[in-house]
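The structure appears below as structure tokens.
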Amino acid sequence: EDPALIRWAYAKSQNVYPTFRPTPTTSFLGAAYALGPLLFWIFVLKADRDRKEKCFQEGKHKRPFSVFF
């Protein structure tokens, strides 16, 4: 048995988080992956809602009757 190989295998498989160091880059990437898709879908849905509302106000479309909306 090689002790260096056993230490390397343990460090690669079991000891992942204690060696992680938060840096500005990892903090930015974490925020981008967490908030990026959320902000994207908020923008897309808001733009679609504004476009539909403009069409309703101009009279191009009739607002459908719905009990749930």
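No value in this document is a laboratory result; all are computed from the given coordinates. The model shown is predicted, which means the values in this text are computed figures rather than measured ones.
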So F43 and F28, fully extended at 0.36 nm per residue minus their Cα-Cα distance, gain in nm 3.3 nm
Connecting C-alpha atoms closer than 10 Å in a GNM of the chain, tell me which of A32, A11, A47 has the biggest fluctuation. A11
Could you tell me which label, among (1) 43, 28, 15; (2) 80, 28, 15; (3) 36, 27, 23, carries the value of Cα extents along the principal axes in Å calculated for this structure? (2)
